[in-house]
Amino acid sequence: MSAAPPIARPMPELEGELAPFIAAAKEHRLMVQRCTGCGALRFPPREICSRCLSSSAEWTNVSGRGEIFSFNVMHQVYHPAFAREVPYAVIVVKLAEGPKITSNLLDCPIDRINIGMPVEVVFEQISDAVTLPKFRVRAQS
């Protein structure tokens, strides 16, 4: 009897509004949208700026440094591909430039996570086509 094949993880769409974000992550760069009307940074991408209502935007690199704004520890298996990782933390990072991004925190015990913890982006290759930004704790400077 052979072992069951691994369950595939859900993957982001490679086309559409997140395509520039996914392409940049593959190159180990973190990008967010910048409104060309008022300069406000935003993530996730959207068609209209919530500050000035402009529909014009471009993608721009950000530092990938920030702090944990919020987090949730997942104890329940919501997708079978993540069953071996439970419990794991889903974090919201407030980037140094302002926008917030939802991701995971790597190499940090769940009981050590706290609001305001300084983090920096790292990139995890999920497949040949997809690399995702994750975060790790950074030393305070």
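Where a number appears in this text, it was derived from the coordinates with a stated rule and is not lab data. Remember, it's a predicted structure, so these values are computed and weren't measured experimentally. Quick reminder, even Gly has a Cβ in these numbers, built from the backbone with ideal geometry, and neighbours come from all protein chains shown.
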State the answer as a single residue: which of Phe82, Ala23, Trp59 lies farthest towards the positive end of the charge dipole of the chain, with beta carbon charges of +1 for Lys and Arg and -1 for Asp and Glu, about the Cα centre.
Trp59
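Quote the charge dipole size of region 46-88 about the Cα centre in Debye, to the nearest 20; the model charges only the Cβ of Lys and Arg (+1) and of Asp and Glu (-1). All intermediate terms of the calculation are to be shown ahead of the outcome.
Working: 4 positive and 4 negative charges, 9 e Å.
Result for region 46-88 is approximately 40 debye, rounded to the nearest 20.
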Cysteines, the chain, no other Cys beta-carbon under 4.7 Å:
Cys108
Can you compute the charge dipole magnitude of the chain about its Cα centre, using +1 on each Lys and Arg Cβ and -1 on each Asp and Glu Cβ, nothing else charged? Give it in debye, rounded to the nearest 20.
340
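What relative contact order, as a whole-number percentage, does region 17-141 give when Cα pairs under 8 Å and 6 or more residues apart are counted?
24
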Starting from the coordinates of the alpha-carbon atoms of the chain, obtain the Kirkwood hydrodynamic radius over all distinct pairs and give the value in Å to one decimal.
16.5
How many nm is it between the label spots at Ala139 and Lys26, if each spot is 7 Å from the Cα in line with the beta carbon?
3.5
Taking the Cα centre of region 44-127 as origin, sum charge times position over the Cβ atoms of Lys and Arg (+1) and Asp and Glu (-1), and report the length of that vector in debye to the nearest 20.
200
